[in-house]
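The values are calculated or read from the model by the stated rules, or taken from the named source; none is laboratory data. Predicted, not measured: the structure shown is a model, and the values here were computed from it. Positions of Cβ are generated from backbone atoms using ideal geometry, with glycine treated the same way; all protein chains shown enter the neighbour counts. Each accessible area value is taken on the protein alone, full model and side chains, heavy atoms only, with ligands, DNA and RNA left out. Shrake-Rupley method; radii C 1.70, N 1.55, O 1.52, S 1.80 Å.
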Amino acid sequence: MGLPRLGVNVDHIATVRQARQGIRPDPIEAALQAQRAGAHGIVAHLREDRRHIQDRDITLLAAKVRRLDLEMAATVEMVQRAVQHRPALVTVVPERRQELTTESGLNVQKQLRILRRRLQPLFNARIPVALFVDPDPEQIRAAVDLGIEIIELNTGRYSEAKTQSKRKRELHRIHQAVVLCKEKGLRVNAGHGLDYDNVVPVARIPEIEEFNIGFSIVSRAVFVGIQTAVREMIDLLHSARKLSL
Ligand code: PXP
């Protein structure tokens, strides 16, 4: 297994910009700096309510970064945007207007038919698609039924666990989910809520190829700059993998 890759989510650079509805700080500049610091890819979530990333950001990111992972809900509008911009990866997430951030993985099992229909243009355009799901065997099996080849496991419950025992339980669930994904021939990414204090145990799981991390990196960048914040996270991911060898 190779070293884990880091995808840097720049949504919250745009959150700060939108606080004044101006042009700074610029998520494109953040993305280019993150890339310069060694980020493998850039992640941006174009939300239906456009609360942070705007359409223009996606146009520019698609043109300027090496590898864009477009996070989006499986709506007709977003699928059209994705086909238009052809990101390296589309990660499909559930979306609720009232939520502060993505709260859970997709219910693939319940939405199998609508997902199949909505995602078809992406399959036709041969754009790789990942589904963001909880570490739940039923959801992973449903993703396989849909013909999906990449899963992003939701680490949200692990990240939010308040006690050691709960965190251990959640880590175990992630581990089991990774084993099932590999049995089914799926590639595995992971993310949500990961930070400099909690990322190492998850990063030790050798089959996870890529970590998508946003909020903690942007928060750290306020104090040390985005390049240092990105380098620190990459060092942690790599050190975790080396420790487990
Ligand atoms: N992965 C997915 C699917 C997400 O929705 C998010 C949040 O936008 C992240 C990763 C990154 O989460 P965080 O900002 O908590 O690092």
request  = Only helical DSSP H runs with n ≥ 4 go in: add -39500 (n - 2.57) per run for the chain, normalise by residue count and round the 222 nm mean residue ellipticity to 500 deg cm²/dmol.
outcome  = -15000 deg cm²/dmol
query = Once the dipole of segment 27-111 is set up with Lys and Arg at +1 and Asp and Glu at -1 on Cβ about the Cα centre, which of Met78, Pro27, Ala37 lies farthest towards its positive end?
reply = Ala37
task = Place +1 on the Cβ of every Lys and Arg and -1 on the Cβ of every Asp and Glu in the chain, take the dipole about the Cα centre, and give the residue among His238, Leu153, Ile127 whose Cα lies farthest towards its positive end.
result = Ile127
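May I ask you to list the GluC sites (Glu not before Pro) in segment 6-79 that are in a DSSP loop and have at most 13 other Cβ atoms within 10 Å of their Cβ?
On the way: sites: Glu29, Glu48, Glu71, Glu77; in loops: Glu48.
Answer in residue order: Glu48.
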query = Quick one: putting +1 on the C-beta of Lys and Arg, -1 on the C-beta of Asp and Glu, what dipole do you get for segment 70-229 around its Cα centre, in Debye to the nearest 20?
reply = 280
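Projected area of segment 1-128, taken from the Cα convex hull and averaged over every viewing direction, in nm²? Kindly include the intermediate steps, with their values, before the conclusion.
On the way: hull surface 35.1 nm².
Convex hull of Cα atoms, orientation-averaged projection: 8.8 nm².
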remark   = Relative contact order as a percentage, the chain, C-alpha pairs under 8 Å and 6+ apart, gives 21
inquiry  = Restricted to Cα positions, what overall size does the chain have along the principal axes? Three whole-Å values, descending.
reply    = 45, 42, 33
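For a quick check of your reading of the filter: which chymotrypsin sites (Phe, Trp or Tyr not before Pro) in segment 128-235 sit in a DSSP loop and have no more than 16 other Cβ atoms within 10 Å? Don't skip to the answer; put the middle values down first.
Numbers: sites: Phe132, Tyr158, Tyr196, Phe211, Phe215, Phe223; in loops: Tyr196.
Answer in residue order: Tyr196.
How many Å² of accessible area per residue for segment 59-202, probe 1.4 Å? Don't skip to the answer; put the middle values down first.
Details: 7360 Å² over 144 residues.
Solvent-accessible surface per residue comes out at 51 Å².
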query = Of Val43, Val90, Val65, which is the most mobile in a GNM of the chain whose springs link Cα atoms less than 10 angstrom apart?
reply = Val65
request  = Evaluate Rg over Rh across segment 133-245, taking Cα atoms for both radii and Kirkwood's formula for Rh.
outcome  = 0.99
request  = For segment 115-131, just list the computed ³J(HN,Hα) in residue order, Karplus coefficients 6.51, -1.76 and 1.60, θ = phi - 60°, integers in Hz, with x standing in for Gly and Pro.
outcome  = 5, 4, 5, 5, 8, 3, x, 6, 4, 4, 7, 6, 8, x, 10, 10, 10
key: Entries in Lys110/Lys242; Lys110/Lys184; Lys182/Lys242 that, when Cα-Cα distance is taken, lie over 28 Å   = Lys110/Lys242
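Using +1 on the beta carbon of Lys and Arg, -1 on that of Asp and Glu, and nothing else charged, what's the dipole of segment 74-127 about the Cα centre, debye to 20?
Values: 10 positive and 4 negative charges, 61 e Å.
So the magnitude is around 300 debye.
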note = For Gly105, the residues 5 or more places away or on another chain with a placed amide H closer than 5 Å to its own amide H are Asp134
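Can you pull out the trypsin sites (Lys or Arg not before Pro) in segment 126-203 that DSSP calls coil and that have at most 12 other Cβ atoms within 10 Å? Don't skip to the end; give the middle numbers.
Working: sites: Arg126, Arg141, Arg157, Lys162, Lys166, Arg167, Lys168, Arg169, Arg173, Lys182, Lys184, Arg187; in loops: Arg126, Lys162, Lys184.
Sparse-neighbourhood loop trypsin sites (Lys or Arg not before Pro): Arg126, Lys162.
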ask   = Using a probe of 1.4 angstrom, how much of the accessible area of the chain is carbon and sulfur, in percent?
value = 50
Part-to-part distance (alpha-carbon centres) for segment 187-213 and segment 80-130, which is given in Å = 21
ask   = What does the highest-first list of 110-121, 9-20 look like by mean Cβ count within 10 Å?
value = 9-20, 110-121
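Using the crude model of +1 on Lys and Arg Cβ and -1 on Asp and Glu Cβ, and no other charge, please compute the dipole size for segment 26-128 relative to its Cα centre, in debye to 20. Don't skip to the end; give the middle numbers.
Numbers: 18 positive and 12 negative charges, 96 e Å.
Roughly 460 debye, rounded to the nearest 20.
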